[in-house]
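The values are calculated or read from the model by the stated rules, or taken from the named source; none is laboratory data. A quick note: this is a predicted structure, and the numbers were derived from the prediction, not measured. Counting neighbours? That spans all protein chains shown, and the Cβs are built from the backbone with ideal geometry, glycine included. The accessibility values were calculated without ligands, DNA or RNA, using every heavy atom of the protein model including side chains. Shrake-Rupley method; radii C 1.70, N 1.55, O 1.52, S 1.80 Å.
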Amino acid sequence: WETQRYVLSAKKNAEMYHLKELYNAAQGTFKQDRWDHQELYVPNKIATITELFLGLYEVLNEKKYKQIAEKSAECILTLQDKENVYGGIYQTNKKDKIITLYTARCIPALVKMYKLTKKEKYIEAALDAGQFIKSMRDTETELYHFGWEHKDNAWSLMKYPQFIAGGADIIRALLTLKEYNKSAYKESDLSMLLKRQHSNGSFPTSYGMTAKNEGTKKYRGKPSWRDVMPVVGWNDKAIRVLTL
């Protein structure tokens, strides 16, 4: 009964909130929140929900959950760039930004969809996303550049902020890909996280927050309090990847 209670709670959450409040049946996927009147679709959030429904399908074997997950994964595929910033996944369906961290968050869901369906398009998209991520590595800091922005009819690199605690989701994505590409993950990705751990056990948020929106200009100087402040909602990502 204890186990069943947890499953029923997860199902209730999925049915009463995600499907009732966020799901757009016509689009076959989920909008960013219940108050969103712009109909914005955010791939990394959709990927998290996809993992939720794949988990429900695994436990309950209800086909509708598999179908919902697959439709959502299809939406992610339509929002992956194949021309300008190859392999990167747009932040939203506005297609004006590609964020490294948010691209990484799509990879585990795509890999799970491949394992379930054996459809090559999912693993191909995940591997392309992984190659994009690797192209964003800053060799000086061993962290990852923030992303790309489409502005004034051109794509421009945004170097900062480079996430540290949140960057653990990048490590998780690369670890997930290791089964399909042995060079996807390197020990140096984990060392960049561990060597920045505070003495109290927490992890700082980022590097270069004060240089946000300054393009490719190299960041120098004292870190912002926003960089060094440990945040629960970022540190949980570090904890998760360390357990892997």
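Identify all residues within the stretch 144-168 that are among the aliphatic types (A, V, I, L, M), closer than 16 Å to Ser188 by Cα and outside any loop (DSSP other than H, G, I, E, B); write none if there are none. First the steps, then the outcome.
Narrowing the stretch 144-168 to residues among the aliphatic types (A, V, I, L, M): 154, 157-158, 164-165, 168.
Adding the requirement that they be closer than 16 Å to Ser188 by Cα leaves 164-165, 168.
Residue satisfying the conditions is Ala168 alone.
Do any residues in the stretch 8-23 that are open to solvent by 40 Å² or more (accessible area, probe 1.4 Å) have Cβ atoms under 9 Å from those of residues that are not in a helix (DSSP H, G or I) and not charged (D, E, K, R), where the two are at least six apart or on different chains, and which pairs are they?
Tyr23/Thr29; Tyr23/Phe30
Among the numbered criteria (1) open to solvent by 10 Å² or more (accessible area, probe 1.4 Å); (2) at pLDDT 95 or above; (3) in contact with an Asp or Glu (Cβ under 8 Å, 6 or more places away or on another chain), which single criterion is violated by Gln162?
All conditions are met except number (1).
Going through Leu174, Leu190 one at a time, which residue ends up being more than 19 Å from Asn213 (Cβ to Cβ) and surrounded by 20 or more Cβ atoms within 10 Å (Cβ to Cβ)? Full working, then the answer.
On the way: Leu190 fails: surrounded by 20 or more Cβ atoms within 10 Å (Cβ to Cβ).
Being more than 19 Å from Asn213 (Cβ to Cβ) and surrounded by 20 or more Cβ atoms within 10 Å (Cβ to Cβ) holds for just one of Leu174, Leu190, which is Leu174.
Take the residues in the stretch 208-233 that are small (Gly, Ala, Ser) and surrounded by 17 or more Cβ atoms within 10 Å (Cβ to Cβ), then tell me which one is nearest to Gln162 (Cα to Cα). Spell out how you get there, then give the answer.
Of all residues in the stretch 208-233, those small (Gly, Ala, Ser) come to 208, 211, 215, 221, 224, 233.
Still in the running and surrounded by 17 or more Cβ atoms within 10 Å (Cβ to Cβ): 208, 211, 224.
Working: Gly208: 6, Ala211: 10, Ser224: 12 Å.
Applying the filter and picking the extreme gives Gly208.
Just to be sure before I move on: is Gln32 without any contact (Cβ under 8 Å) to a residue 60 or more places away in the chain and either in contact with a Phe, Trp or Tyr (Cβ under 9 Å, 6 or more places away or on another chain) or not hydroxyl-bearing (Ser, Thr, Tyr) (or both) in the structure I sent? Full working, then the answer.
Numbers: without any contact (Cβ under 8 Å) to a residue 60 or more places away in the chain: no; either in contact with a Phe, Trp or Tyr (Cβ under 9 Å, 6 or more places away or on another chain) or not hydroxyl-bearing (Ser, Thr, Tyr) (or both): yes.
Answer is no for this residue.
Within the stretch 1-36, track down each residue that is touching a helix residue (DSSP H, G or I) at 6+ places or on another chain (Cβ under 7 Å) and part of a helix (DSSP H, G or I).
Result: Val7, Ala10, Lys11, Ala14, His18.
Can you tell me which of (1) at pLDDT 95 or above; (2) outside any helix (DSSP H, G or I) is the one Ile171 doesn't meet?
So Ile171 meets the others, but not (2).
Could you tell me whether the stretch 221-236 includes any residue that is β-branched (Val, Ile, Thr), out of contact with any His (no Cβ under 7 Å at 6 or more places or on another chain), closer than 18 Å to Thr103 by Cα and at pLDDT 95 or above?
So the first thing to find is which residues in the stretch 221-236 are β-branched (Val, Ile, Thr), and the list is 228, 231-232.
From what is left, the residues that are out of contact with any His (no Cβ under 7 Å at 6 or more places or on another chain) are 228, 231-232.
Adding the requirement that they be closer than 18 Å to Thr103 by Cα leaves none.
No; the residues of the stretch 221-236 include none that is β-branched (Val, Ile, Thr), out of contact with any His (no Cβ under 7 Å at 6 or more places or on another chain), closer than 18 Å to Thr103 by Cα and at pLDDT 95 or above.
Which residue, of Ser199, Ser183, is surrounded by fewer than 20 Cβ atoms within 10 Å (Cβ to Cβ), within 24 Å of Ala109 (Cα to Cα) and without any contact (Cβ under 8 Å) to a residue 24 or more places away in the chain?
Values: Ser199 fails: within 24 Å of Ala109 (Cα to Cα).
Exactly one residue qualifies, and that residue is Ser183.
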